[in-house]
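Enquirer: Here it is, the structure in full.
The values are calculated or read from the model by the stated rules, or taken from the named source; none is laboratory data. Keep in mind that what you see is a predicted model, and the values were worked out from it rather than measured. Note: ideal-geometry Cβ built from the backbone for every residue, glycine included; neighbour counts use all protein chains shown.
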């Protein structure tokens, strides 16, 4: 099987931004010093963000389920 890196396209002035929950995959795709770990944030902060962006939240329960499924990781939510 081919390494994941072989499936990526590279450009002279391009950047590749990879979001993964798998540290092994991150280490395979990026140099060790290019990995930024993003920790989960509190549910209340995410709900406040959505309230600010979306206004009234009649479907607050659905939003709470979505952010829980995304494990409160900011980059997957925004």
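Enquirer: Exactly one of (1) at pLDDT below 85; (2) surrounded by fewer than 10 Cβ atoms within 10 Å (Cβ to Cβ) is unmet by residue 39. Its number?
Expert: Result: residue 39 fails condition (1) only.
Enquirer: Sticking with this one: Scan the stretch 4-36 for residues that are surrounded by 11 or more Cβ atoms within 10 Å (Cβ to Cβ) and under 16 Å from residue 73 (Cβ atoms) and report the count.
Expert: Of the residues in the stretch 4-36, 5 are surrounded by 11 or more Cβ atoms within 10 Å (Cβ to Cβ) and under 16 Å from residue 73 (Cβ atoms).
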